[in-house]
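Bear in mind these aren't lab numbers, they're just calculated from the coordinates by the rules spelled out. Not measured: the values here are computed from a predicted model. So basically every Cβ, Gly included, is an ideal-geometry build from the backbone, and we count neighbours across all protein chains shown.
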Ligand code: FAD
């Protein structure tokens, strides 16, 4: 099975990086193929400009986007790993979605509805946030975060959401952090 991990955190000593390492190690141990697109290492250009929108309308795709779309096409599963910033995706990842999940590639319009182009793929999202989980659950923020990403991005384009993990109160005590990494490992074993 081929996995594509799209990773968006600027620091290598971060907890998100520990999640990335755990995810890669767990999947590779199972004999799966893993490609990681580290958006900060790639210095991914996240701004969708007017000129690019015009290119998309002409059916043309810029080279950097074409390369990322090729990774998606080849993947059986797409795993997004990122911290919650301002109750959403870090700008570099939002820009990746804006540009790479483009009209004509990820979806198109058919009749009165949307044609999903990324069916037959599984999706996983792993998030961390500073606010305690109980508070985000209570104010329905957890639900909102799932709705705007697992549903709004994955389901919209036909990717089947398999898991959406949200770890709150980060950074936390070391023991809690280790437990979170075990949760990641267990989920991956259960799903794949
Ligand atoms: P770090 O801060 O890097 O945590 C490091 C911790 O992980 C340390 O305690 C370290 O000991 C531990 N660690 C590292 N590696 C390992 C390992 N291998 N095993 C065990 N432990 C390990 N939060 C919200 O709730 N809502 C928001 O809207 C929001 N907006 C934000 C906007 C911005 C611009 C920023 C910068 C932050 C925002 N935050 C928000 C907080 C943010 O979500 C958290 O800072 C982030 O999720 C923490 O993840 P991290 O990977 O950066 O953790």
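Quick look at the numbers
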| item | result |
| --- | --- |
| Qualifying residue in region 38-49 (condition: under 21 Å from residue 72 (Cα atoms), without any contact (Cβ under 8 Å) to a residue 24 or more places away in the chain and within 16 Å of the ligand (Cβ to nearest atom)) | yes |
| Members of region 80-101 that are in contact with a helix residue (DSSP H, G or I) (Cβ under 9 Å, 6 or more places away or on another chain), within 16 Å of the ligand (Cβ to nearest atom) and more than 16 Å from residue 168 (Cα to Cα) | 80, 90, 92, 93, 95 |
| Residue match in region 57-77 (condition: on the phi > 0 side of the Ramachandran plot, touching a residue at least 12 places away in the same chain (Cβ under 8 Å), more than 11 Å from the ligand (Cβ to nearest atom) and surrounded by fewer than 17 Cβ atoms within 10 Å (Cβ to Cβ)) | yes |
| Residue count, region 11-35 (criterion: under 12 Å from residue 192 (Cβ atoms) and near the ligand (Cβ under 7 Å from one of its atoms)) | 0 |
